[in-house]
Amino acid sequence: MAGRIPQSFIDELVARSDIVEIIGAHVALKKSGREFKACCPFHSEKTPSFWVSPEKQFYHCFGCGAHGTVLGFLMQYEKLEFPEAVAQLAERAGLEMPREAQAAREPGGVDLYALMAQAARFFEQNLSDNARARAYLAGRTIDAATAVKFGLGYAPDSWNALLNRFGQSEHERGKLLQAGLIIERDTRGGERQPGFYDRFRDRLMFPIRDARGRVIAFGGRVIDQGEPKYLNSPETPLFHKGRELYGLYEARQAHADFKRLMIVEGYMDVVRLHQSGITYAVATLGTATTQEHLHKIFRITNEVVFSFDGDRAGRAAAWRALENALPLASDGRELKFLFLPEGHDPDTLVAAEGAAAFESRLKSALPMSEYLLKQLVEQVDLAHVDGRAKLAALARPLFARMPDGVYRELLADRLAGEIRMPADKLKALLAPHEPRRGPAGRPQPERPDRGPPHHGGHAASAGRGNLLRQAISLVLHHPAAARAIRGSDLLGGIDRPGVDVLRTLLEQAASVDAPTTAMLLERWRDRPEFDRLAELAARSPLVADGAAAASELKTAVEKLAEEYRTGRRMDELLQKARESGLNSDEKAELSFLLKAKSRLESGS
Ligand SMILES: [Zn+2]
């Protein structure tokens, strides 16, 4: 729904709010240099490692890794959804929520939420009328009380039952289409009449609810055999599948406070587990577990158990979940992996052995660090030096995704033990970096005049491969400096991955009068790059001074553009060399370019 709140409004809101004032209302902030510090409200500590930057309008905890904008703080501290945080901040700032944002709630006078609620009741009614669907539920040992609690329903075996019930006028059909409940017939071949049909037919229906219990989407499961087994609502103004969790509303109803949440794969698993008394189970909606899911979960609890089938698909899903969880792995958070015996899913297992036996399996769940090591160790032969070197190489990109902190340290120690290498030596290998040099060649302090000394290091790694990341980091930390250079023009036409992110950031910085880090970040909240960018913003700046940053950024952007042009011309020449040979001018040019390339790569 965030997309429905105009960016200009969020800009104004962020510009008008002071993060120091908002956070200061909840946490005792002390001025320290240009920033403010406090004991972190998100983990327990005695010495302050929570910093708030009025300049960047950004907060960051060096202890637990929590970070974000003023909106992020409200979401994390008050456990709000994004639109709720916007509404609360708008109220404080005395700004009226714009009409466009209200439109998501009441598009064209008909409330999409109301329509979804009506559809849910329609499906529920059909379930009680349909003996076959009821028999199916009974066969899965789902009792009536559980079916009611989850609002389970049945979509009739018809192309237009729902359409006829709710889509009498063109306007109503438009709303059904917007809600993802009907599909427009494909008339491109010309042989069909234009029109619509029901999306869900002959399926058991699982309403998906938001934090407030409103139905925002449906998942439909085939009753007997058929494909696909699960069909979900498409993305709609109400529903973004990468951020919702099935069963979370019901779990929150059952618990005032959570010890843990368990993520399982299927809707039926969630329903069956809740019925057995395991009311802290949730499922993703046909996607891998995303960072957005995890952010949402860690606002509620510090312990997450991923419970997956022991088969190949389950293990692949677990590994993807691990990769997405790494950036959030910080002290005080527990991530565990529970693999079920092959041939079982939580639904069948809890039915077979009961809740107590199932819960006792949680004791044997692998902590994330163990699971990560186990997966890596299985891929190499530790008896040989080569195997141990390979293990370090496999671990490096994974470590690079983890925030600094005790967790990362402990994992590095464990890994050092496995490969029989002194821990310090391994840590140097895992976090390669050279001292940062300023424009005049003098070493720059990592975090000039403020901030805890233990932070820094890997954030500032300045290898050539990181040129793009450096440039992105410079824009994030010094948006006003980025505004001054016309960098986005230079990068036109370059389609390398990540360059589009840099180009967009440069354009965004140029589009606002007084851009801040927070303003830039808020433009990415709905995109997959958001977490990565917020992490970069939370790290120490590469360069503290704005003018130096502008010059560094300009150089970086020019180098990127040059690298790309050199690379493209070289590819042309190499291809010609293979196909028809080069003349002497072209040979000279290629040799010149190869030298230029190696010069660029060595960084001189
Ligand atoms: Zn903290």
Residues in the range 469-483: is at least one surrounded by 23 or more Cβ atoms within 10 Å (Cβ to Cβ), of a type in the set (Ser, Thr, Tyr) and in contact with a His (Cβ under 8 Å, 6 or more places away or on another chain)?
no
Output for Cβ contacts, cut-off 9 Å, separation at least six or different chains, first residue acidic (Asp, Glu) in the range 25-48, second within 14 Å of the ligand (Cβ to nearest atom) and assigned to a loop (DSSP other than H, G, I, E, B), reads GLU45/CYS39; GLU45/GLY63; GLU45/CYS64
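For the range 315-334, enumerate the residues that are assigned to a loop (DSSP other than H, G, I, E, B) and basic (Lys, Arg). Write out each step before concluding.
As a first pass, look at the range 315-334 and keep what is assigned to a loop (DSSP other than H, G, I, E, B): 329-333.
Answer for the range 315-334, where residues must be assigned to a loop (DSSP other than H, G, I, E, B) and basic (Lys, Arg): just ARG333.
Can you work out which of the residues in the range 208-252 that are in a loop (DSSP other than H, G, I, E, B) and among the β-branched types (Val, Ile, Thr) is farthest from ARG527 (Cα to Cα)?
By that ranking, first place goes to ILE223.
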Conditions (1) polar (S, T, N, Q); (2) over 23 Å from the mean Cα position of the chain (by Cα); (3) farther than 30 Å from THR236 by Cβ -> GLN88 fails only (3)
Residues of the range 536-546 satisfying the condition of being surrounded by 18 or more Cβ atoms within 10 Å (Cβ to Cβ) and either touching a strand residue (DSSP E or B) at 6+ places or on another chain (Cβ under 6 Å) or not β-branched (Val, Ile, Thr) (or both)
LEU536, ALA537, ALA538, ARG539, SER540, PRO541, LEU542, ALA544
Can you work out which of the residues in the range 504-535 that are in contact (Cβ under 8 Å) with a residue 12 or more places away in the chain and small (Gly, Ala, Ser) is surrounded by the fewest Cβ atoms within 10 Å (Cβ to Cβ)?
ALA514
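Taking the range 281-305, which residues are part of a loop (DSSP other than H, G, I, E, B) and of a type outside the set (Gly, Ala, Ser)?
First pass over the range 281-305, keeping only residues part of a loop (DSSP other than H, G, I, E, B): 284-290, 299-302.
Across the range 281-305, the qualifying residues are THR284, LEU285, THR287, THR289, THR290, ARG299, ILE300, THR301, ASN302.
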Single unsatisfied condition, ALA556 versus (1) under 26 Å from HIS240 (Cβ atoms); (2) at pLDDT 85 or above
(1)
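Sort through ALA460, ALA509, ALA550 and tell me the only one that's modelled with pLDDT under 85 and among the small types (Gly, Ala, Ser).
On the way: ALA509 fails: modelled with pLDDT under 85; ALA550 fails: modelled with pLDDT under 85.
Of ALA460, ALA509, ALA550, the one residue that is modelled with pLDDT under 85 and among the small types (Gly, Ala, Ser) is ALA460.
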Would you check which residues across the range 375-395 are of a type in the set (D, E, K, R), under 17 Å from LEU411 (Cβ atoms) and exposed (fewer than 14 other Cβ atoms within 10 Å of the Cβ) and list them?
GLU378
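Counting residues that are among the aromatic types (Phe, Trp, Tyr), away from the ligand (no atom under 16 Å from the Cβ) and surrounded by fewer than 22 Cβ atoms within 10 Å (Cβ to Cβ), which helices (runs of 4 or more DSSP H) fully inside the range 3-102 reach at least 1?
Correct list: 7-16, 82-93.
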Go through (1) at pLDDT below 90; (2) of a type in the set (Phe, Trp, Tyr); (3) not in a loop (DSSP other than H, G, I, E, B) for PHE337 and report which single condition fails.
(1)
Quick check on this structure: which one of ALA588, ALA549 is surrounded by 14 or more Cβ atoms within 10 Å (Cβ to Cβ) and small (Gly, Ala, Ser)?
ALA549
When the range 270-312 is checked residue by residue, the ones that are of a type in the set (Ser, Thr, Tyr) and over 24 Å from the mean Cα position of the chain (by Cα) are SER276, THR279
Since ASP198 meets every condition but one in (1) touching a residue at least 24 places away in the same chain (Cβ under 8 Å); (2) more than 19 Å from GLY167 (Cα to Cα), which condition does it not meet?
(2)
I'd like the full set of residues that are charged (D, E, K, R) and either buried (at least 16 other Cβ atoms within 10 Å of the Cβ) or on the phi > 0 side of the Ramachandran plot (or both), limited to the range 211-259.
ARG214, ARG221, LYS241, ARG243, GLU244, GLU250, ARG252
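The values are calculated or read from the model by the stated rules, or taken from the named source; none is laboratory data. Model, not experiment: these values are computed from the prediction. Every residue, glycine among them, receives a Cβ derived from its backbone with ideal geometry; neighbour counts consider all protein chains shown.
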